[in-house]
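What follows draws every value from the coordinates through simple rules; no lab data is involved. For clarity, every value in this text was computed on a predicted model and none was experimentally measured. We place every Cβ from the backbone using ideal geometry, glycine too, and count neighbours over all the protein chains shown.
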Amino acid sequence: MRLSAVSLLVFGALVLAGCAFPPASDEALHVGLGEEFVLHDNQTAIIEPGGLEIRITNFIYSPCPQGAVCVWSGLGVGMEYKMGGKVEAGMNLVRAFGYRTEIIETDYKTYARLKVMQE
């Protein structure tokens, strides 16, 4: 019985230690200029050279119903760019700080495949 109590204590400590450190997927991706990469909600990529940071802040998936007249498609990727202490953000924002982001593919729910180029 004592062995199982020790095992349980060790297991509990390992679980708590796992909670103390964020998973590796939450860390910023380091990506070369012109490379394709995938970002998920609230994930950041740092574009090298230059140090541009790009983060997906949210996704919007609310497509216009068939037969309805809508002002916009209801689909979007919230993006935030940081560089030199400045921030630019917006929905489907693809130009910031002299860079252009191409949204290659997205499901507007969980991910976006992107490519960043200098203008």
Q. Given charges of +1 on the Cβ of Lys and Arg and -1 on the Cβ of Asp and Glu, with all other atoms neutral, how large is the dipole of the range 25-118 about its Cα centre, in debye to the nearest 20?
A. 320
Q: Mind listing the long-range amide H neighbours of Phe59? Cut-off is under 5 Å, sequence gap 5 or more, other chains count too, H placed in the peptide plane at 1.01 Å from N.
A: Gly78
Q.
Can you tell me how the range 25-118 classifies by the Cα gyration tensor, rounded, prolate or oblate, using a/c under 1.5 as the rounded cut?
A. prolate
Q. Once phi is turned into ³J(HN,Hα) by the Karplus curve 6.51 cos²θ - 1.76 cosθ + 1.60 with θ = phi - 60°, what whole-Hz value does each residue of the range 88-96 show in order, with x for glycine and proline?
A. 10, 9, x, 7, 6, 6, 10, 10, 6
Q) Which aspartates and glutamates have a Cα lying under 14 Å from the Cα of Lys109, excluding residues fewer than 8 positions away in the same chain? A) Asp41
